[in-house]
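Everything on this sheet refers to the single structure shown next.
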Amino acid sequence: QRYYLIRSSNGYYGARLGRFSVGNVEYYGREDSGYVVRGGWTSPSGEYLWADNEGVLGHVIMGSSQNTVDQMVGYYNAQLKAYPSDALGKGGAPDIRSFCTIIYEEAAAEGVRAEIVFTQAMLETGWLQFGGDVKVGQFNFAGIGATGGGVPGNSFPDVRTGIRAQVQHLKAYASTDPLNNPCVDPRFHYVKRGCAPTMEQL
C-alpha cells in the first residue's frame, strides 16, 4: 500500500488524510487506513473516488453533478461566443440556459455528472460553433459516429435526444449499470461497459 506522509509540529510523521495535492496532482488519503486511494473507493462523505495505480485521482464521470446550470451558463458566456439560437432553437434549446438545463436533466437521469457532459460538448463542438465534419443541425454534441475525413457521424431529431445519446455513451464507458431511459445512443452496444470510469481514461 502507499502513503503520503506529513510531519506534525512535534516532529512525528503520519499519513496525509483526505484530498490533497502534490504539485498539480491530486490524491486522497483514506481516513480508515491512511492508504492513498488506488482504484475505486467511496469516502466517508459518500463521494466516489477513482485513482490510478500511482494514486493520482481522476475526474469520475458518474455521480452527482458538482456544478449548477447557472455555473455552466456563466462559463459559456465568459467565452464570448455567439450561441447558435436559430439552429438549436429548432431543436428545443433557443438559448444557452435551455441547453444547459437539458444537460443537467439528462445527466441526472443516468447518474452522470453534468459538468462532464457540458465540458465534452464544448470541446467537441468548439463552444457550439461546430465547423468540423459534424454540423449544428445534427444535434450531435459528442461527435458520435464521426470518425474524421468528412464522415459526419450520427444525427438526432432534437437537442434533448442528442444530449441523451451523449450521456448514455458516457455511461457506457463509465459504468456497468443499466440505462434508465430507452437507449438512443446508436453506438452504446459497441462500448466495453465500465472500461473508463474517469474523464482521463476516455
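How charged is the neighbourhood of residue 27? Take every other residue with its Cβ under 12 Å from the Cβ of residue 27, and add Lys/Arg as +1 and Asp/Glu as -1.
Cβ neighbours under 12 Å give a net charge of +2.
For segment 48-64, putting each phi into the Karplus relation 6.51 cos²θ - 1.76 cosθ + 1.60 with θ = phi - 60° gives couplings of 7, 10, 9, 9, 6, 5, 8, x, 6, 6, x, 8, 5, 7, 8, x, 6 Hz, in residue order, rounded to whole numbers and with x for Gly and Pro.
Note the per residue figure in Å³ for the convex hull of the C-alpha positions in segment 44-90. Before the final figure, lay out each step's value.
Numbers: hull volume 7.0 nm³, N = 47.
So the per-residue Cα hull volume is 148 Å³.
Got a number for carbon plus sulfur as a percent of the chain's accessible area, 1.4 Å probe?
Values: 5240 of 10580 Å².
With neighbouring chains kept in place, the figure for the chain is 49 percent.
So what is the calculated 222 nm ellipticity per residue for the chain, using -39500 (n - 2.57) for each DSSP H run with n of 4 or more, over all residues, to the nearest 500 deg cm²/dmol?
Working: 5 runs with 57 residues, N = 202.
Result for the chain, helices only: -8500 deg cm²/dmol.
When the Gaussian network model of the chain links Cα atoms closer than 10 Å, the mean-square fluctuations of 59, 189, 169 top out at 189. Amide H contacts under 5 Å for residue 26: 57, restricted to partners 5 or more places along the chain or on a different chain, H placed in the peptide plane at 1.01 Å from N.
Please compute the per residue accessible area over segment 67-202 with all protein chains in place, 1.4 Å probe, rounded to a whole number of Å².
47
By the gyration tensor of its Cα atoms, with a ≥ b ≥ c the square roots of the eigenvalues, what is the shape of segment 86-176: rounded for a/c under 1.5, prolate for a/b over b/c, or oblate? Note, shape of segment 86-176 comes out oblate. Once the 1.4 Å probe is applied to the protein heavy atoms, segment 1-54 comes out at 68 Å² accessible per residue.
Quick check on packing: order 150-163, 18-31 by the mean number of other C-beta atoms within 10 Å, highest mean leading. Mind showing how you got there, number by number?
Numbers: 150-163: 18.0, 18-31: 13.9.
Highest to lowest by the protection proxy: 150-163, 18-31.
Across segment 185-191, coupling constants 3J(HN,Hα) worked out from phi with the 6.51/-1.76/1.60 Karplus curve, θ = phi - 60°, read 7, x, 10, 4, 7, 8, 8 Hz, and Gly and Pro carry x.
Rounded to the nearest 20 debye, the dipole size of segment 57-202 about its Cα centre is 220 debye, using +1 on the Cβ of Lys and Arg and -1 on the Cβ of Asp and Glu.
The phi torsions of segment 9-22, fed into the Karplus equation with coefficients 6.51, -1.76 and 1.60 and a -60° offset, translate into couplings of 5, 8, x, 7, 9, x, 6, 6, 10, x, 7, 8, 10, 10 Hz, rounded to whole numbers, with Gly and Pro shown as x. Legend: translational diffusion of the chain by Stokes-Einstein, Rh = Kirkwood radius over C-alpha pairs, 37 °C, 0.692 mPa s; D = 178 µm²/s. Taking Cα centre as origin and charging only the Cβ of basic (Lys, Arg, +1) and acidic (Asp, Glu, -1) residues, the dipole magnitude of segment 137-202 rounds to 100 debye. Amide H contacts of residue 49 (H built 1.01 Å from N, in plane; Pro and chain starts excluded): 41, 42, 43 sit under 5 Å, all sequence-distant by 5 or more or on other chains.
The values are calculated or read from the model by the stated rules, or taken from the named source; none is laboratory data. Source: prediction; values computed, not measured. Cβ sites come from the backbone with ideal geometry, for glycine too, and all protein chains shown count toward neighbours. SASA here: full protein model, heavy atoms, side chains in, ligands and nucleic acids out. Shrake-Rupley method; radii C 1.70, N 1.55, O 1.52, S 1.80 Å.
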